[in-house]
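Asker: Please find one structure pasted underneath; my questions will follow.
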Amino acid sequence: MNPIELFNFTQNSDLSHWKIANDTVMGGKSLSTLTINEKGHGVFRGTVSLENNGGFASVRFSLKPLNIENYSLVKIVLKGDGKRYQFRIKDTSNDYWSYVNYFKTSKTWETIEIPLESLYPNFRGRRLSVPNFDKQEIASFGFLIGNKKAESFQLEIDTISLE
């Protein structure tokens, strides 16, 4: 099976399907943005605040449901800041939960590999009693930072694909 490119950041990337979702939806004060830098990479950056019971910043990409039944691995080429992030996926926009897995970044370019079956159901920081990801489609994917501390962050992203 040929890899499926979910998103390849370039100078000309259309970011209109990417949406920021921070703790401000619950009264928090965290701030984040997604931009394209001079090298054509996506840059998810901001500040996580614990004020008003906040503590997370996230960005997600929504797409028409995409059949992924022959794929088992997410590959992300990125350069982090040494912090821990969450990769998130949804098989339908109707579910209130996401399937998640954490990854730690180094301060160099690297390829993060996340087996789809390792993504577990999570809602507001709590693991749910639902099986790990075993779906045939995805409807959105994205990143979240929420390490239970106030901190600034920056995640530079090149490509996100399925294999």
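Asker: Please list, in order along the stretch 44-52, the HN-Hα scalar couplings obtained from phi with the Karplus expression 6.51 cos²θ - 1.76 cosθ + 1.60 (θ = phi - 60°), rounded to whole Hz, x for Gly and Pro.
Answerer: 9, 9, x, 9, 8, 10, 9, 4, 6
Asker: Restricting to lysine pairs 8 or more places apart or on different chains, what number in the stretch 82-163 have Cα atoms under 16 Å apart? Spell out each step's value before the answer.
Answerer: Values: 83/104; 83/107; 83/148; 83/149; 90/135; 104/148; 104/149.
Lysine pairs satisfying the spacing and distance rule in the stretch 82-163 number 7.
Asker: Under a point-charge model restricted to the Cβ atoms of Lys and Arg (+1) and Asp and Glu (-1), what is the dipole moment magnitude of the stretch 46-96 relative to its Cα centre, in debye to the nearest 20?
Answerer: Values: 8 positive and 5 negative charges, 41 e Å.
Around 200 debye, computed over the stretch 46-96.
Asker: Next up: Taking the Cα centre of the stretch 22-163 as origin and charging only Cβ (+1 Lys, Arg; -1 Asp, Glu), how large is the dipole, in debye to the nearest 20? Numbers along the way, then the final one.
Answerer: On the way: 19 positive and 16 negative charges, 104 e Å.
With Lys and Arg at +1 and Asp and Glu at -1, about 500 debye.
Asker: For the stretch 27-130, which GluC sites (Glu not before Pro) pass both filters: DSSP loop (anything but H, G, I, E, B) and at most 11 other C-beta atoms within 10 Å? Each step should come with its number before you reach the end.
Answerer: Details: sites: 38, 51, 69, 110, 113, 117; in loops: 38, 69.
Loop-located and lightly packed - 38, 69.
Asker: With Cα Rg over 2.2 N^0.38 Å in mind, check (1) 0.99; (2) 4.02; (3) 1.21 and report the label derived from this structure.
Answerer: Of the labelled values, this structure produces (1).
Asker: Additional query: Would you mind telling me the share, in percent, of accessible area of the stretch 8-148 contributed by carbon and sulfur at probe 1.4 angstrom? It would help to have the intermediate numbers written out before the result.
Answerer: Details: 3560 of 7560 Å².
On the stretch 8-148, the fraction of accessible area on carbon and sulfur atoms equals 47 percent.
Asker: I want the local charge near residue 78. Using Cβ-Cβ distances under 14 Å, sum +1 for each Lys or Arg and -1 for each Asp or Glu among the other residues. Display every interim value, and only then the final one.
Answerer: Details: positive: 39, 45, 75, 79, 83, 84, 104, 107; negative: 81, 110, 113, 156, 158.
Surrounding charge for residue 78 is +3.
Asker: Still on this structure, I have one more. Roughly how many whole Å is it from the C-alpha centroid of the stretch 6-49 to that of the stretch 97-140?
Answerer: One Cα centre to the other: 19 Å.
Asker: Let me ask something else about it. Between residue 130 and residue 93, how high is the FRET efficiency from 1/(1 + (r/R0)^6) when r is the Cβ-Cβ distance and R₀ = 22 Å? Nearest 0.05. If you can, show how the numbers build up before the last one.
Answerer: Working: r = 16 Å, r/R0 = 0.75.
So, using R0 = 22 Å, E works out to roughly 0.85.
Asker: Identify, among 99, 46, 4, the residue whose Cα sits farthest towards the positive end of the charge dipole of the chain, taking +1 on the Cβ of Lys and Arg and -1 on the Cβ of Asp and Glu, with the dipole about the Cα centre.
Answerer: Among 99, 46, 4, the one farthest towards the positive end of the dipole of the chain is 46.
Asker: If a paramagnetic tag sat 7 Å from the Cα of residue 109 along the Cα-Cβ line, which residues of the stretch 142-156 would have the backbone N under 13 Å from that point?
Answerer: Correct set: 156.
Asker: Still on this structure, please answer the following. Rounded, prolate or oblate: pick one for the stretch 99-163, where a ≥ b ≥ c are the square roots of the eigenvalues of its C-alpha gyration tensor, a/c under 1.5 means rounded, and failing that, prolate if a/b is larger than b/c, else oblate. Kindly include the intermediate steps, with their values, before the conclusion.
Answerer: Details: a/c = 2.24, a/b = 1.24, b/c = 1.81.
In terms of gyration-tensor shape, oblate.
The values are calculated or read from the model by the stated rules, or taken from the named source; none is laboratory data. Just so you know, these numbers come straight off a predicted model, no measurement behind them. Don't worry about glycine lacking a Cβ; one is built from the backbone with ideal geometry, like all the others, and counts go over all protein chains shown. To get the accessible areas, we keep the full protein, side chains included, count just its heavy atoms, and leave off ligands, DNA and RNA. Shrake-Rupley method; radii C 1.70, N 1.55, O 1.52, S 1.80 Å.
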